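Below: the structure, in structure tokens.
The values are calculated or read from the model by the stated rules, or taken from the named source; none is laboratory data. What you see is a predicted model, and the numbers here were worked out from it, not measured in a lab. Note that each Cβ is placed from the backbone with ideal geometry, even for glycine, and that neighbours are counted across all protein chains shown. Protein only, heavy atoms only, side chains kept; ligands, DNA and RNA dropped before computing areas. Shrake-Rupley method; radii C 1.70, N 1.55, O 1.52, S 1.80 Å.
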Amino acid sequence: MDRIGQASRLVAEALLALREESQPGVKTAELDRFAEAFLLERGAQPAFKGYRGYPCTVCTSVNEEVVHGLPSERRLQEGEILSLDLGAIVEGYYGDAALTVPIGEISPEARRLLQVTREALHRGVAAAVPGQHLTDISHAIQTYVEADGFSVVRIFVGHGIGRALHEEPQIPNFGPPGRGPLLKPGMVLAIEPMVNAGTHEVTILEDRWTAVTQDGSLSAHFEHTIVITEKGPEILTRSETGETW
Ligand code: MF3
Ligand code: CO
């Protein structure tokens, strides 16, 4: 448990630093090198590199890219949105988190997408209470997102996490409440809504990783690793000083 906490804290600190680095003119490949060095210098390993053949430390998904975007030599531009997804391993234990950051000034629509996706994550986290069912998390996320006219991605889901990046149970970001396992203290979950401004449908590009919205609309992604305690959910992906997103 403590090592999941350490891995998660490093992921949060790296993502907060990456948020500062994400400025117009920066290449996403530079962000990847920054993230890898950040983890290695602190005694942690990248969790995604080599996972099912994924070649990088961080996933960088720009604008209509939903998740699993590959860092590249392309430079970020003012007005874009960038999703940063990062996992770390400390002594065999995993932490995983993501956030979407604005590059300079962004449109009001993009700003609303970021706010709604972030709030959807927090609604999902708030539903992770002992005695509730797993899909109460799913339902809280979906109802909040759709009330704002956006859509939740179906083909990717949140997950249990601990000694592996992906453990049982899967956590869809949609569906009826009251289903699935009962939530219990000690469960560690990665909750991660992916929200599209248009259709929820996504397509995988020829690189076999990058997922994009089918209609080209913007997409955002926020994720936390949390632990359920008797008192309720506790966010593990926060910095030592408690900073998070
Ligand atoms: N946060 C994502 C997940 O939990 C990131 C996985 S990227 C991969 O599935 F490269 F590792 F596949
Ligand atoms: Co995840």
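Would you tally the residues in region 67-98 being among the hydrophobic types (A, V, I, L, M, F, W, C) and within 16 Å of ligand 2 (Cβ to nearest atom)?
Count: 7.
Condition first: charged (D, E, K, R) and open to solvent by 50 Å² or more (accessible area, probe 1.4 Å). Now tell me which residues in region 176-219 satisfy that. Give the steps one after another, and end with the answer.
From region 176-219, those charged (D, E, K, R) are 179, 184, 192, 201, 206-208, 215; that's our starting set.
Listed by number, the residues that qualify are Arg179, Lys184, Glu201, Glu206, Asp207, Arg208, Asp215.
Under the condition of being assigned to a helix (DSSP H, G or I) and β-branched (Val, Ile, Thr), which residue from region 112-152 is most open to solvent (accessible area, probe 1.4 Å)?
Thr143
So which of Arg111, Arg154 ends up being basic (Lys, Arg) and closer than 20 Å to Thr244 by Cα?
Working: Arg154 fails: closer than 20 Å to Thr244 by Cα.
Among Arg111, Arg154, only Arg111 is basic (Lys, Arg) and closer than 20 Å to Thr244 by Cα.
Tally the residues that are touching a Pro at 6+ places or on another chain (Cβ under 6 Å) and of a type in the set (A, V, I, L, M), restricting the search to region 5-32.
1
Limited to region 56-66, what total is found for residues that are closer than 17 Å to Ala14 by Cβ and either away from ligand 2 (no atom under 16 Å from the Cβ) or open to solvent by 10 Å² or more (accessible area, probe 1.4 Å) (or both)?
The qualifying residues number 1.
Can you pull out every residue in region 81-111 that is farther than 17 Å from Glu64 by Cα, among the acidic types (Asp, Glu) and open to solvent by less than 30 Å² (accessible area, probe 1.4 Å)?
Hit for region 81-111 is Asp96, nothing else.
What are the pairs with Cβ atoms under 6 angstrom where one residue, in region 173-200, is over 29 Å from Ser61 (Cβ atoms) and of a type in the set (D, E, K, R) and the other, located anywhere, is more than 16 Å from ligand 2 (Cβ to nearest atom) and not in a loop (DSSP other than H, G, I, E, B)? Sequence gap at least six, or different chains.
Listed pairs, sorted by first residue: Arg179/His133; Arg179/Thr135.
Return a yes/no flag: does region 31-41 have any residue that is out of contact with any Cys (no Cβ under 9 Å at 6 or more places or on another chain) and under 22 Å from Val212 (Cα atoms).
yes
Restricting to region 102-152, name every residue that is small (Gly, Ala, Ser) and in contact with a Phe, Trp or Tyr (Cβ under 8 Å, 6 or more places away or on another chain).
If the condition is that a residue be small (Gly, Ala, Ser) and in contact with a Phe, Trp or Tyr (Cβ under 8 Å, 6 or more places away or on another chain), then Ala120, Ser138 are the ones that fit.
Considering region 74-122 alone, what residues qualify as being more than 14 Å from ligand 1 (Cβ to nearest atom), of a type in the set (D, E, K, R), in contact (Cβ under 8 Å) with a residue 40 or more places away in the chain and within 28 Å of Leu165 (Cβ to Cβ)?
Arg74, Glu91, Arg118
Go through region 144-185 and count every residue that is of a type in the set (A, V, I, L, M, F, W, C) and within 13 Å of ligand 1 (Cβ to nearest atom).
Going through region 144-185 one residue at a time, the tally reaches 8.
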